[in-house]
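Okay, structure first, notes after.
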Amino acid sequence: GAQIIDLMMLVIDVTKGMQTQSAECLVIGQIACQKMVVVLNKIDLLPEGKRQSAIEKMTKKMQKTLENTKFCGCPIVAVAAKPGGPEAPESENPLGVSEHGAAFVCLFQVLKSQAYLPSRDPSGHFLMAVDHCFSIKGQGTVMTGTILSGSVSLGDNVEIPALKVTKKVKSMQMFHTPVTYAMQGDRVGICVTQFDPKLLERGLICTPESLHTIHAAIISLKKIQYFRGALQTKAKFHITVGHETVMGRVMFFSPAPADFNEEIHENDFDFEKDYLYQEEYLSKDSNSSENKENDQAGEVQLPRQQWALLEFEKPVTCPKLCLVIGSKLDTDIHANTCRLAFHGVLLQGMEDKNYTETFLPKLKVYKLKHKEGQVERVMDDYSVIGRSLFKKETNIQIFVGLKVKLSTGEDGIIDGGFGQSGKFKIRIPDGLKPDTKMLLTVASKKKSKPGKGDTTKEDESNKNDTAQPVTISLLFKRYVFDTQKKMIQS
């Protein structure tokens, strides 16, 4: 509903100020609307002597709230729409609403000064949000609503995609006047025949076959700053998209770190690129340990754009590039928290029911894997035996040929398994450094001949040795949707 509003009026109870739902309306306004007027209502409840100062105080408070929003500096008007409340006699005139007898700026004047002609575009597919459907005897069924895009003429075919039904436009009216044409932004009633109004209370109608029914989607998104808590991968949210709200599960991902500052391409998604899997949406208040470490160093690097894979619990019908809002609507309405968590744009929908097999493997989202082991002993100048990198039952063959790095600086390549207990052989193409060789030879000698030679020296070097074994690091990436689970090193 918010998508059809060009000028928003945010009504605030002057005795209470911003409440949870006022804040949620403000958030939706920021996402879907361009202009706003704030109306402080119920000024009749303020004692006359203190009325002006109370209004000024609340006005200042509202200005402060709106400071960091797109509505900074918008007009704020004080009124009493119905002095005395709903029970008051009709003879009571509203305060501050219309011109007569108002000593201060009235709401009508402000609305007139803020009104504007929005730019409208009749091109593209016809799409209309229907908010009412009823039958007229002898005429047919009328669907009333607002045209979101494109245009419609008498005799056109329109589809009700949720029902997979197409009907011909028999007649149209705008504000009780018959018309032959209507376009984006118009409020219109469209009459069709032989259609049961009970089947469509509200929803979308469109140019036949212009909307898609999707099971999952890729969206670009931003967290809503007032939402408390992290946005975590695998979490479920209420996803509002098109004309529906359904449950959906999210998986967040970002550009590969080298591309964090790349230009943002607002409305397209590049399947050729690599993306980094995220356990949660990255923001200044993220919990990830890496983020915390960077934060202490005062350098949280956040990508300019982030995305999510949305998987819906039931398919949804919607246009491409439509607005998406994720919320936690099961939060207690009386709890003083914003239930809206993120908003975004739908970039790519997945129409195939088997999208996990047909579509997701094209999505190159990877996880970084890091394994650590230790050098057990030297074999010769160009090879060592390692341990603790793999479990006993791991098939080491699949790791053969992967590069590793020793903590002493040498680069190595896994050559194969060694024995039965998960040990393995590493080839060092450039050879071991003399220092490394000494370190490892001393360590293995001590293991094989305990108690011989100069024990005090032995103990000392032993202490050093256990404090600092030579470690082996294996780094690789694995794509989340790769069916073969290949390990990839750059």
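The values are calculated or read from the model by the stated rules, or taken from the named source; none is laboratory data. Fair warning: this is a prediction, and the values are worked out from it, not measured in the lab. Cβ coordinates were reconstructed from backbone atoms using ideal geometry, including for glycine residues, and neighbour counts include every protein chain displayed. With ligands, DNA and RNA removed, areas are computed over all heavy atoms of the protein, side chains included. Shrake-Rupley method; radii C 1.70, N 1.55, O 1.52, S 1.80 Å.
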Go through (i) 1.16; (ii) 1.04; (iii) 0.97 and flag the label whose value is the computed Rg/Rh (Cα atoms, Kirkwood Rh) for this structure. (i)
Using DSSP, restrict attention to beta bridges with both residues in segment 7-114 and report what percent are antiparallel, rounded to the nearest 5. 10 percent
If amide H atoms are modeled at 1.01 Å from N in the peptide plane, then the residues at a separation of 5 or more from V384, or on another chain, having amide H under 5 Å from its own are M379, I426, I428
Based on the Cβ-Cβ distance from F269 to I413, what FRET efficiency comes out when R0 is 60 Å, to the nearest 0.05? 0.95
Specify the longest stretch of the chain that does not include any exposed loop site, a site being one of the GluC sites (Glu not before Pro) with a non-H, G, I, E, B DSSP assignment and at most 11 other Cβ atoms within 10 Å. 100-200
Nearest-5 percent of antiparallel DSSP beta bridges in the chain? 90 percent
Net dipole in debye of segment 127-206 [+1 Lys, Arg Cβ; -1 Asp, Glu Cβ; about Cα centre; nearest 20]: 180 debye
How many Å² of accessible area per residue for the chain, probe 1.4 Å? 57 Å²
Where only alpha carbons of segment 210-355 are counted, the Rg and the Dmax (Å): 15.6, 51
Accessible-area composition of the chain, carbon plus sulfur, in percent [1.4 Å probe]: 51 percent
Nearest-ten-degree value, helix 20-32 long axis tilted from longest Cα axis of the chain: 80 degrees
Can you compute 3J(HN,Hα) from phi for each residue in segment 359-371, using the Karplus curve 6.51 cos²θ - 1.76 cosθ + 1.60 with θ = phi - 60°, rounded to whole Hz and x for Gly and Pro? 10, 4, x, 6, 8, 8, 9, 10, 10, 8, 10, 9, 10
Residue-averaged [θ]222 nm for the chain, counting only DSSP H segments that reach four residues, each worth -39500 (n - 2.57): -5000 deg cm²/dmol
Unit charges at the beta carbon, dipole of the chain: most positive-side option, T233, L111, N261: T233
Bin width 5 Å, origin at 0, all Cα-Cα pairs of segment 7-114: what percent of pairs per bin? 2, 12, 22, 24, 21, 12, 6, 2, 0
Using the alpha-carbon atoms, what tilt in degrees (0 to 90, nearest 10) does helix 434-448 show relative to the longest principal axis of the chain? 70 degrees
